[in-house]
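Each remark here refers to the structure printed beneath this line.
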Amino acid sequence: MNAGDVGIRTALPADRDALVALIRILNTFEAALTQDRLVTRAAADAYHRSLLERIARQEGRLLVADVDGRVVGFMSLIVQEDQPFVREEVRRHGYVLDLVVDEEWRGQGIGRALLSEAERLTREKGLKRLVIGVVSGNDAAERLYEDCGFKIYAKAMLKAV
């Protein structure tokens, strides 16, 4: 399989179960890094519902990577607006909320294909920036994002109190 065999399309209602399963995979992976993720199907289902609502509010898209009719990855993209102290021409930007590829399909260009579509959609809206976050310790994702041209812009730090 190569990236050319992957179809990137808008998620359909029929993709719901595959999306919830992928959200659960992401939550489980990130739970090992953060120790704060819920990994149940109910949590993944609740996030899916909330994600659809946020996408509807923020000019977003939920995209899936499809190989022969099977959803093997997804990405959620919204339009976000920074604070008034950010220059107006770059204040509104694309923001990738989630990007996950099923384990057996990783390393085959699917994440890159999804990010390429995010860039295209962001440019199509006339926006000049695309932002993506990465959980500390997710080194593979961070390398992918750097390889795709992303640079560290800000860091969030956490302290339990």
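The values are calculated or read from the model by the stated rules, or taken from the named source; none is laboratory data. Quantities reported herein were computed from a predicted structural model and do not represent experimental measurements. With ideal geometry, Cβ positions are generated from the backbone for all residues, glycine too; neighbour counts draw on all protein chains shown. Each accessible area value is taken on the protein alone, full model and side chains, heavy atoms only, with ligands, DNA and RNA left out. Shrake-Rupley method; radii C 1.70, N 1.55, O 1.52, S 1.80 Å.
Before moving on, here are some points about what is shown:
- Multiplying the residue separation of E103 and A160 by 0.36 nm and subtracting their alpha-carbon distance yields 17.4 nm.
- Simple point charges give the picture: +1 on the Cβ of Lys and Arg, -1 on the Cβ of Asp and Glu, and for the range 40-161 a dipole about the Cα centre of about 460 debye.
- The range 89-161 shape via C-alpha gyration tensor axes, a/c threshold 1.5: oblate
- Per residue of the chain, the DSSP helices (runs of n ≥ 4 H) give a summed -39500 (n - 2.57) that works out to -12500 deg cm²/dmol at 222 nm.
- Apportionment of accessible area to carbon and sulfur, the chain, percent (1.4 Å): 51
- Over the chain, Cα pairs under 8 Å with separation of 6+ residues give a relative contact order of 21 percent.
- The charge dipole of the range 112-161, taken about the Cα centre with unit charges on the Cβ atoms of Lys, Arg (+1) and Asp, Glu (-1), comes to about 260 debye, rounded to the nearest 20.
- In this structure the chain gives 61 Å² per residue of accessible area when probed at 1.4 Å with all protein chains present.
- Top positive-direction residue, dipole computed over the range 1-100 with Cβ charges, set G7, A31, V79: A31
- Accessible heavy-atom area order of Y145, Y95, Y153, highest first, probe of 1.4 Å: Y153, Y95, Y145
- With the whole protein complex present, D139 retains an accessible surface near 90 Å², based on a 1.4 Å probe.
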